[in-house]
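In what follows, a single structure is set out as structure tokens and then discussed.
The values are calculated or read from the model by the stated rules, or taken from the named source; none is laboratory data. Just so it is clear, the model here is predicted, and its values are computed rather than measured. No Cβ is skipped: glycine too gets one built from the backbone with ideal geometry, and neighbour counts run over all protein chains shown.
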Amino acid sequence: MHPLYGLTESQGTSAERPHVEPKSNTRVVSPLLEPHAPRRLSANPGWARRDQRLGNGVSNGSVSSNGYNDQRTMNIAVIFAGGLGARLSGSVAQPKQFLAVHGKPIIIHTLEHFESHPEIDAIAMAIPPSHRADVEQLLSRYEVTKLRWIVNGGGTGQISRHRALLAVADECPPESVVLVHDGVRPLIDAKLISDNIQSVLEHGSGITCTKIHETVVTSATLRIDDVIPREHIYAAQAPQSFRLGEILGLYERAATEGHTDSIDSCSLMRRYQREVFRVNGPGSNIKITTSEDVSLYKALLEVLRSHERTGLC
């Protein structure tokens, strides 16, 4: 029995694996957390571009300084959208990633950045099992063609990310670059995606960070215990990007050791004393966690759109 799954392959029943008819280029992955046998990729514009870039899979043997064959590299966005929005106001009747802002669900705002980016070959996404039908409808309505894998989210963010990484690893080489991102972080931009990919190619990882400009304190009670110099203090955000083989190996190791609730992939890398490298991101790259965040996102989105209309950005 895999430590994450809670049941073995032989225990899976049809009731535990509801059948959903996928889009022609999207593979719906079993809710079980067992690895799957490799499957042949179907036609997909993103994969066609990847095949052209990689010479239809024929490598010239070029090896980067970190030991990976970059001629085989694929760039995959791994989107965590499996949460149920417990920290939002109780009046919200649906998970925050499905809330409409400017007439479009937040998760679609997020997906469209990766969908339109020329360096992204495919997308994997972990979703709430109870909202699978909603996701299928949204993908069709907004013509998200790069979404290749849909997996059921688990009881923690780590389990959900692990499931998505397993699905990707079933069909992609370990050299692939994976950009692990929050479905409710919709103000990512093309430059940040490219910078993450470049950081992985140069250093082996890329963690989006923003500089902290406020005074940082520690406080176990109402009393402030200490003031931390902020000169080298950053907030780690997303995307958090890695080689697929390395990060999946650490998720497997953590699961084997019974550790299933790391806050993010960066924390998991540091838990096992792996080097990670900073990618500077914009302050607007917020994560929508509370009702106040929704209001802030609407305001920021309006400002960014206004700048685009007037040519200020």
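In the range 203-243, the residue that is nearest to MET269 (Cα to Cα) out of those that are of a type in the set (Ser, Thr, Tyr) and exposed (fewer than 13 other Cβ atoms within 10 Å of the Cβ) is THR218. Evaluated against (1) of a type outside the set (A, V, I, L, M); (2) surrounded by 12 or more Cβ atoms within 10 Å (Cβ to Cβ); (3) not in a helix (DSSP H, G or I), TYR297 falls short on exactly one condition, (3). Scanning the range 169-194 for residues that are within 12 Å of GLN240 (Cβ to Cβ) and among the charged types (D, E, K, R) yields ASP182, ARG185. Residues that are among the charged types (D, E, K, R), assigned to a helix (DSSP H, G or I) and at pLDDT 95 or above within the range 102-159 comprise GLU112, GLU115, ARG141, listed in sequence order.
Counting residues in the range 268-285 that are without any contact (Cβ under 8 Å) to a residue 60 or more places away in the chain and touching a strand residue (DSSP E or B) at 6+ places or on another chain (Cβ under 9 Å) gives zero. Once the range 204-248 is narrowed to residues that are part of a strand (DSSP E or B) and of a type in the set (A, V, I, L, M), the residue that is nearest to the chain's Cα centre (by Cα) is ALA238. Checking the structure you have, find out if any residue of the range 250-264 is closer than 21 Å to ALA81 by Cα, buried (at least 18 other Cβ atoms within 10 Å of the Cβ) and within 13 Å of the chain's Cα centre (by Cα). Checked against the condition, which is being closer than 21 Å to ALA81 by Cα, buried (at least 18 other Cβ atoms within 10 Å of the Cβ) and within 13 Å of the chain's Cα centre (by Cα), the range 250-264 yields at least one hit.
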